Amino acid sequence: MHRGFSLVELMVGLTIGMVLVAGLSLLFANSSQSGNELEKSIRQIENGRYAVELLHDDLSLAGFYGEVPTDFLGYTTPDVCATALNSLGWDKTAPSDPKVPLPLMGLSPTEVDALPATCVANHKAGTVAFAVHRLGADAVAPAAVTASAPHVQTSRCVTDPVADPFIVSATAADFTLKNLQCNATNQVRQYVSRIYYIADCNECGSDTTPTLKMAELRGTQMTVVPLAEGIENMVLEYGFDTTDPADADPATDTSKGTPDIFRTGLSGVVGARDNDWANVVAVRLHLLSRTTERSPDYNDSAKAYVLGPASSTGDNSGFKRRVYTTTVRLTNVAGLREVPPPPTPASSPSSP
């Protein structure tokens with residue numbers, strides 16, 4: 001004789017099943033939440049590392065001016081938002097003293113705020129910025145120059161006029177300096193002018209995520225490009241080489257080309273070597289990144305994030321934060337200042 005479940009047995013079974021389902025649901029919810037938190041952290045780490053690597057690479061290339069003569073090169077201080085060819089800072093008025101734009105220029109929060117919005121848009125109040133000037137790593141034929149993009153050509157031919165150490169133009173026909181064999185026009189390199197800063201939004205108008213952005217000279221205008229979301233703050237310490245070249249003794253002085261002091265800006269002392277951006281040979285870079293999405297019940301208001309000489313306190317907004325730090329050597333500036341070690345005298349042959 002077949003019997004079914006009694007009502008009591010059925011209720012007990014249903015209860016046990018519901019407990020199991022509830023436990024599995026809770027396990028799935030916790031696992032899903034942990035997965036979401038892990039994904040947020042991974043994105044944050046990737047954004048922070050990408051930002052550090054990108055800035056490190058461009059800072060290390062600052063002051064790369066290709067074949068422009070460097071043994072008698074001076075610097076100008078151009079408007080970082082300049083777009084016109086005659087305002088970019090290339091000066092050959094005195095052929096014996098040609099000048100190129102400063103490789104690196106730091107900008108305080110007040111200086112960034114004073115820049116036109118068409119150049120640096122949606123700047124996050126209270127954060128610094130910096131400008132990098134150099135030439136592109138790839139040399140191209142003059143015929144490849146696109147309209148309005150400034151390029152620079154130098155001469156490698158001994159018969160070219162001394163009054164033309166370089167030509168800056170956006171027109172292919174203007175480039176007339178010759179190559180090493182003096183039988184064809186020399187190649188050209190595109191001029192790179194960039195400002196790195198922090199904006200208070202990524203896609204402005206639709207979010208409020210702080211973002212590392214770059215304003216880059218493209219053609220005849222500065223174009224803003226988002227680089228890394230979640231970069232909340234940036235602090236730079238500039239390493240100044242304060243050794244006077246006239247006082248450097250190759251036999252004893254090994255400090256030339258290395259930073260003697262780090263500052264967050266110019267010293268303000270007129271005539272001092274740490275009051276001139278041309279003497280910056282290294283940079284300590286500190287970035288504070290945060291997740292782009294909030295984490296429930298997360299509060300870091302008791303934490304202080306150290307950014308070199310500055311610090312930033314967390315809050316109860318639910319965003320997780322990390323600090324990234326690196327030191328960059330400005331090879332194209334520091335290398336020119338290095339003092340080679342004195343030659344080691346050859347040992348005399350021993351007497352028989």
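Read-outs: derived from the displayed coordinates by stated rules, not from any lab. Worth saying up front: this structure is predicted, and the values here are computed from it rather than measured. Positions of Cβ are generated from backbone atoms using ideal geometry, with glycine treated the same way; all protein chains shown enter the neighbour counts.
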Those strands (runs of 3 or more DSSP E) lying entirely in the stretch 171-283 with at least 3 residues without any contact (Cβ under 8 Å) to a residue 40 or more places away in the chain and of a type outside the set (D, E, K, R) | 221-229
Of all residues in the stretch 107-130, count the ones that are surrounded by fewer than 19 Cβ atoms within 10 Å (Cβ to Cβ) and within 17 Å of the chain's Cα centre (by Cα).
-> 2
Report yes if Leu227 is touching a Lys or Arg at 6+ places or on another chain (Cβ under 7 Å) and under 18 Å from His56 (Cβ atoms), otherwise no.
-> yes
Failed item, numbered, when His151 is tested on (1) touching a residue at least 40 places away in the same chain (Cβ under 8 Å); (2) under 22 Å from Leu287 (Cα atoms) | (2)
Is there a residue in the stretch 86-97 that is surrounded by 12 or more Cβ atoms within 10 Å (Cβ to Cβ) and within 20 Å of Thr264 (Cβ to Cβ)?
-> no
Output the residues belonging to the stretch 156-170 that are without any contact (Cβ under 8 Å) to a residue 60 or more places away in the chain and more than 16 Å from Thr93 (Cα to Cα).
-> Cys157, Val158, Thr159, Asp160
Using the structure shown, decide if Val68 is farther than 22 Å from Val283 by Cα and surrounded by 13 or more Cβ atoms within 10 Å (Cβ to Cβ).
-> yes
